[in-house]
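The values are calculated or read from the model by the stated rules, or taken from the named source; none is laboratory data. Note that the structure is predicted; figures quoted are calculated from it, not measured. Here the Cβ positions follow ideal geometry from the backbone for every residue, glycine too, while neighbour counts run over all protein chains shown. The accessibility values were calculated without ligands, DNA or RNA, using every heavy atom of the protein model including side chains. Shrake-Rupley method; radii C 1.70, N 1.55, O 1.52, S 1.80 Å.
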Amino acid sequence: TMAPLTDAGIGVYPVRGNHEADVPGGASAWAAAFSGVHALPANGPEGETGLTYSFTSKNALFVGLDEYESLHRVNQPWLDAQLAARTAPHVFVFGHEPAFKAFHSDCLGTYPADRNTFWSSLASAEARVTFAGHDHFFDALRVDDGDGSADDDLLQLIVGSGGGTLFTSSPYNGDDAPYTPVPLHHDVEHGYLLVEVSGDGEEDLGLTLTWKRRSVDSATGAVAYVPAKVIRTSAAPKA
């Protein structure tokens, strides 16, 4: 399935979702699938090797988080160490569950205090965007931290639109304090998110996030993925 990507030199970096974590033999099946040339970075915390990991490419730090070894939580001490050691201006953090509830109530917001610690750590590392799945739609959210400036607010991008049965819209009605959700865009359709960095140098801080929704020509049945929402933001210079 992923051969067209890997053959083109495009890395594939998955994290477990609830359906990989809650089945008998899921952990061993995961380890077998992502082994050999498909092995994931093995720098995760004890008990999460191949599940939680980080790597740096050009001017960006990528952090993939497992949220099921400790259900609906991340390994915060390990994450803190990764963020403290970063040398790149861009920080991209991804896990299966959103931090702030949209559709599913089983998310990082199940434990608001731990979620807030997690979110604060990303803000302190000057991250700008996080990525999640879990909810079967696209949703872009700005999480207002209450400091009066939107420039340093993190974005939560839910991109659970890869092919599963689509869910209906759902409001942000979880325990979000002290943050305030500011919805930016919501789309109940299949598609994907393209994230483009303005360049690969230390001064290239611009980010363009393009939501491409699936469109089917009613006459021919041809499928295309068309830009439906563009969001622009910028990383902070690395001190």
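If a residue must be assigned to a loop (DSSP other than H, G, I, E, B), open to solvent by 20 Å² or more (accessible area, probe 1.4 Å), at negative phi and out of contact with any helix residue (DSSP H, G or I) (no Cβ under 6 Å at 6 or more places or on another chain), how many such residues does the stretch 54-73 contain? Residues that pass the stated criteria total 3.
Among residues of the stretch 192-209 being open to solvent by 40 Å² or more (accessible area, probe 1.4 Å), of a type outside the set (A, V, I, L, M) and free of Cβ contacts under 8 Å to residues at least 40 places away in the same chain, the one that is farthest from Lys229 (Cα to Cα) is Glu203.
Annotation note: Cβ proximity below 6 Å between a residue of the stretch 218-239 that is closer than 30 Å to Ala123 by Cα and a residue that is of a type in the set (Lys, Arg) and part of a loop (DSSP other than H, G, I, E, B) (sequence gap 6+ or interchain) occurs for Thr233/Arg128; Ala235/Arg128. Evaluated against (1) open to solvent by less than 60 Å² (accessible area, probe 1.4 Å); (2) part of a strand (DSSP E or B); (3) within 25 Å of Lys101 (Cβ to Cβ), Glu189 falls short on exactly one condition, (2). Taken together, the residues in the stretch 224-239 that are open to solvent by less than 70 Å² (accessible area, probe 1.4 Å) and of a type outside the set (D, E, K, R) amount to 9. Please determine whether any residue of the stretch 79-98 is of a type in the set (Ser, Thr, Tyr) and buried (at least 18 other Cβ atoms within 10 Å of the Cβ). No, the conditions are met nowhere in the stretch 79-98. Within the stretch 22-52, if we keep just the residues that are touching a strand residue (DSSP E or B) at 6+ places or on another chain (Cβ under 8 Å) and either touching a residue at least 60 places away in the same chain (Cβ under 8 Å) or among the polar types (S, T, N, Q) (or both), the residue that is least open to solvent (accessible area, probe 1.4 Å) turns out to be Thr52.
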